[in-house]
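Trainee: Here it is, the structure in full.
Please treat every number below as a calculation from the coordinates, not as lab data. Keep in mind the model is a prediction, meaning the values are calculated, not measured. As a convention, Cβ positions derive from the backbone with ideal geometry for all residues, glycine included, and neighbour counts pool all protein chains shown.
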Ligand SMILES: Cc1cc2nc3c(=O)[nH]c(=O)nc-3n(C[C@H](O)[C@H](O)[C@H](O)COP(=O)(O)O)c2cc1C
């Protein structure tokens, strides 16, 4: 029985008993008031998780100034009270930006030995903007350090008095935070008593923790989040350093639990905002190493999606509590669904990094302004045409509202473009949403008709009250290229992967970049080309995901200035390159300097623009009582648009 799992047993953190071992990882992107503090929307957002069996709710970072501002502590108190009604404990993560706080990931070369120019937040000035005013670790004055300790101590005390259950000091993520920047040999080049060796670099965070401890008394739970490995090799914090220096120092300073993360926001964000390209649970060994050395409970985190994995990590002694971050944005009810014996109902995170808080592309309900899902005033006969994720989500929501739903799809399977992209190993996690929606349609007994092409006559034969067209978009293949042997579009290539030859040319720098990497990994000899430059490369993906792709494809060494092809061997990338002619086995290209080349290929894959499939919607205009278009056929976009447009239409039906 799931309820007997270790995951659902209580855990003591200092004097606090958490009802189970599931925590919400700190995520900055929770809804907030204009001053970045909590408001009603924040409370509702966290409550949605607390009421669904999350034992410990840890907030994203708050500035220590907020609890001290007039009315600040009470607002945190209201949040605590709301969560306590559900038996959850509330932790507030407090922290302040480091040299790179508030910035997106930087590009290699890394580790970048240059001392970062930008630095620490001027939090002492009362500036609580999310993009802090900054100076560098070296420039941070001893008086500021002193005042900083005092500020954090008073914040912890105010939060305790407001009824918050515990406080977590954010000492992780390299240049993202003040404290990690001090700990890190990579960011801290001071030569005074706060730099130079481990003892000195740990002085500021551990003295702060001691001050916090003095302020809150011996029994109040204090946690610290650390980057147990900055993923910067020997230049940064290594796991060995953590075990030898950080764990004992933090314990001696009085922490009651260690939350083990990794990475540095600018240089190694793949440890923090882990993209879908990384295996689930890939960093748990960091927590495991800390657990070997620590006396206090250890929290493990990182792309943990299914609770079977969380349970296994606990059983193997790798952690005492598991934080789920993005999984609890895609499905706040994950834990409840397991407890109720229906894990198949969990909407699993796809790791796309396109929001992770507000919004989450696959969870429309996460929006504070989401239209509530309520029974329809009148049950209608709803016909949905197209079984991609937009059509599937529309069918799910319409059925939940009590409509009589039929979904017709011309292909042999559901899932459309997203299911096809999921055939590519780097983006296999996209399959989660298809699996989830497919399961839900089965449970809701939606009438699904596969292999049925929708013509206006077919549509009318169903005598629908409302028709929702979700026919998607098609990749544009230039006329002169279609029909040449060995040429296929991106989606055809994924469906016929085994027929892809050894020498591959991928034409199209956006989605094509992910495909090119996947094919190169399989040992193909790949050239990726397109008319644009690096700014176009993988520009379809969120910054945090794109960063990973760029690091694979682009050489960032200063020597390269002005070069047009990336230095990586495979895939080769040709920018500003137009295709002039394609013949069997040969593509003739020209770059912006007029230089022509002939590239030999076994397979040429086209991954360029997409065209909306709008023929049906046009043909049905005026032919049916109610007509809507959703997803790519209304605007060729992405999963987010597919899911959200389906909800916007169907919740108003
Ligand atoms: C959008 C986003 C915001 C985050 N904000 C914070 C934060 O405020 N503080 C922090 O310590 N970690 C933050 N993290 C890291 C998460 O707490 C967590 O470690 C990470 O998302 C990996 O866990 P997951 O795969 O379960 O999401 C953030 C991650 C994401 C994706």
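Trainee: With N denoting the number of residues in the range 132-278, provide Rg(C-alpha) divided by 2.2 N^0.38 Å, to two decimal places.
Mentor: 1.01
Trainee: Suppose the Debye formula is applied to equal point scatterers at every Cα of the range 597-645; what is log10 I(q)/I(0) at q = 0.24 Å⁻¹?
Mentor: Values returned for q = 0.24 Å⁻¹ are -0.93.
Trainee: Right, next: Given only helices, namely DSSP H runs of n ≥ 4 each adding -39500 (n - 2.57), what is the per-residue ellipticity at 222 nm of the chain, to the nearest 500 deg cm²/dmol?
Mentor: Mean residue ellipticity, 222 nm, calculated: -8000 deg cm²/dmol.
Trainee: Now a separate question. Quick one: helix 639-650 against the long Cα principal axis of the chain, what's the angle to the nearest 10°, folded into 0 to 90?
Mentor: Helix 639-650 sits roughly 80 degrees off the main axis of the chain.
Trainee: Which whole-number percent gives the relative contact order of the chain, counting Cα pairs below 8 Å spaced six or more residues apart?
Mentor: Computed over the chain, the figure is 11 percent.
Trainee: Still on this structure, I have one more. Within a 10 angstrom radius of the beta carbon, how do 481, 476, 296 rank from fewest other beta carbons to most?
Mentor: 476, 481, 296
Trainee: Determine by what factor the alpha-carbon radius of gyration of the range 422-547 differs from 2.2 N^0.38 Å, reporting the quotient.
Mentor: Taking N as the residue count of the range 422-547, the ratio is 1.34.
Trainee: While we're on this one: Give me the angle, in degrees from 0 to 90, between the Cα long axis of helix 284-293 and the longest principal axis of the Cα atoms of the chain, rounded to the nearest 10.
Mentor: Here the helix axis deviates by roughly 20 degrees.
Trainee: Mind checking the angle between helix 142-162 and the chain's longest principal axis? C-alpha axes, 0 to 90 degrees, to the nearest 10.
Mentor: Taking Cα atoms only, the helix is inclined about 80 degrees.
Trainee: Tell me, 542, 607, 15 in order of fewest to most beta-carbon neighbours within 10 Å?
Mentor: Placing the least packed residue first, the sequence is 15, 542, 607.
Trainee: Put a dot 7 Å past each Cα toward the Cβ at residue 592 and residue 139; how far apart are the dots in nm?
Mentor: My value for the distance between the label points is 3.5 nm.
Trainee: From the C-alpha coordinates alone, can you work out the Kirkwood hydrodynamic radius of the range 562-637, in Å?
Mentor: Values: mean 1/r = 0.0614 Å⁻¹.
Answer for the range 562-637: a Kirkwood hydrodynamic radius of 16.3 Å.
Trainee: Quick check: from the Cα gyration tensor, does the chain come out rounded (a/c under 1.5), prolate or oblate? Intermediate values should be presented prior to the final figure.
Mentor: Details: a/c = 2.22, a/b = 1.35, b/c = 1.64.
Oblate, because a/c is 1.5 or more while a/b does not exceed b/c.
Trainee: Using Cβ contacts closer than 10 Å as the measure, can you line up 602, 234, 320 from fewest to most?
Mentor: 234, 602, 320
Trainee: As a test of understanding, state the convex hull volume per residue of the range 166-241 from its alpha carbons, in Å³.
Mentor: So the per-residue hull volume is 89 Å³.
Trainee: Now for a different question. Average projected area of the Cα convex hull of the range 258-348, in nm²?
Mentor: Mean projected area of the Cα convex hull: 6.2 nm².
Trainee: Please work out the Kirkwood hydrodynamic radius for the range 303-415, using every pair of different C-alpha atoms, and report it in angstroms with one decimal place.
Mentor: 16.2 Å
Trainee: Show me, bin by bin at 5 Å from 0, the whole-percent P(r) of the range 496-653 based on Cα pairs.
Mentor: 2, 8, 15, 16, 16, 12, 10, 8, 6, 4, 2, 1, 0
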